[in-house]
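What follows is calculated from the coordinates using simple rules that are stated; it is not laboratory data. These figures come from a predicted structure and were not determined experimentally. Ideal geometry is used to build each Cβ from the backbone, glycine not excepted, and the neighbour counts take in all protein chains shown.
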Amino acid sequence: MGDKQTSQSQHNGTASQHQGDAFRKMIDDQLGRVASFWTELEKLETKGLEQARAAIDESARLAKEGMVYAAGLAAEWRRMLMDASKQGAERFASNAASFTAGATAATGAANVTGTPGARA
């Protein structure tokens, strides 16, 4: 009877050991999957940060280009307005000179005839 109990207890011990080993293997497998998950997540985070940095750099580049373009447009508008102002001033001066010459001629003619504003 002693041998039977010893044999059964050894069998139970071996079964428990197999169950413990199987459980340990499940835990190790699960820990491996969790570690793999975190490794993959780290890769994705790194990739996401790289993409975010690239987007920020591109946005900054576009903003700088936009400012340069706006400054160029402003300079062109100033040049065009100055040209238009000069042309307007020249035309005004030319018309004023013509008007003044015509008025002087009319006044001179009036003085010749003796009637103010009269034309010869």
message: Test of understanding: what is the full-extension gain from Phe92 to Lys25, defined as 0.36 nm times their sequence separation minus their Cα-Cα distance?
response: 14.2 nm
- request: Name the aspartates and glutamates eligible as straight-distance cross-link partners of Lys47: C-alpha to C-alpha under 19 Å, and not fewer than 8 places from it in the same chain.
  value: Asp57, Glu58
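What's the local net charge at Lys47, with K and R +1, D and E -1, over the other residues with C-beta under 12 Å away?
Details: positive: Lys43, Arg53; negative: Glu40, Glu42, Glu45, Glu50.
Value of the local net charge: -2.
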query: Under a straight-distance cross-link criterion of Cα-Cα below 20 Å, which aspartates and glutamates are reachable from Lys64, leaving out those fewer than 8 residues away in the same chain?
result: Glu76
Potential lengthening between Glu58 and Glu40 on full extension [0.36 nm per residue; Cα-Cα distance subtracted]: 3.8 nm
task: Give a residue-ordered list of calculated ³J(HN,Hα) values for the range 67-72 (Karplus: 6.51 cos²θ - 1.76 cosθ + 1.60, θ = phi - 60°; whole Hz; x for Gly, Pro).
output: 5, 5, 5, 4, 5, x
